Amino acid sequence: MVDFRRLGLPQQYTSIRDEHLACEGGGPFDISHMGRVGGRGTGALAYLQNLFDERPRLARRWSRIYSLMCNDVGGVIDDLVVYRETDDRFIVS
C-alpha cells in the first residue's frame, strides 16, 4: 500500500483473489491514468450500444455507467466507463 491523498492505494496485490477480498465491499479506483476516446454524432449511441453490455442509453446527460466491452460472441474485452455528456456526445475511458 502507498499513500495517495491520505488514502491507502494498493500498488500490487499478491494475487487476484487477495485483490478481490480487499475490495469485496467496494473500493476507490483512480481512472485518471486511463485513456479516453470521444464519440459524437447521430450514430454515436447506436455504435456504443453494440459494444457494451450495459446500455449507454440508460445514462442520463452528464452521468456515466460502468460497463463491459464485449467481443462479437459475448466475451469480455475490457471494463470501461461510458460518460454521456449530451444526447449524442460520449466519452469512453
With criteria (1) surrounded by 11 or more Cβ atoms within 10 Å (Cβ to Cβ); (2) part of a strand (DSSP E or B); (3) not hydrophobic (A, V, I, L, M, F, W, C), Asp3 comes up short on (1)
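Among the residues in the range 29-52, are any of a type in the set (Phe, Trp, Tyr) and either touching a residue at least 60 places away in the same chain (Cβ under 8 Å) or closer than 15 Å to Ile91 by Cα (or both)? Full working, then the answer.
Taking the range 29-52 first, the residues of a type in the set (Phe, Trp, Tyr) are 29, 47, 52.
Then keep just the ones that are either touching a residue at least 60 places away in the same chain (Cβ under 8 Å) or closer than 15 Å to Ile91 by Cα (or both); that gives 47, 52.
Yes: one or more hits.
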If we take the range 23-93, then strands (runs of 3 or more DSSP E) inside it with 1 or more residues that are at pLDDT 85 or above, surrounded by 15 or more Cβ atoms within 10 Å (Cβ to Cβ) and aromatic (Phe, Trp, Tyr) are 76-86, 89-92
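Just checking, does the range 27-36 include any residue being farther than 30 Å from Asp3 by Cβ and outside the structural domain of Val2 (by TED's automatic domain parsing)?
Of the range 27-36, the ones farther than 30 Å from Asp3 by Cβ are none.
Within the range 27-36 (the criterion being farther than 30 Å from Asp3 by Cβ and outside the structural domain of Val2 (by TED's automatic domain parsing)), the answer is no, since none of the residues qualifies.
Pick from Tyr66, Tyr13: which is aromatic (Phe, Trp, Tyr) and under 15 Å from Val92 (Cβ atoms)?
Numbers: Tyr13 fails: under 15 Å from Val92 (Cβ atoms).
Matching residue, one of Tyr66, Tyr13: Tyr66.
The values are calculated or read from the model by the stated rules, or taken from the named source; none is laboratory data. If you're wondering where the values come from, they're calculated on a predicted model, not measured in any experiment. Please note: Cβ atoms are built from the backbone with ideal geometry, for glycine as well, and neighbour counts cover all protein chains shown.
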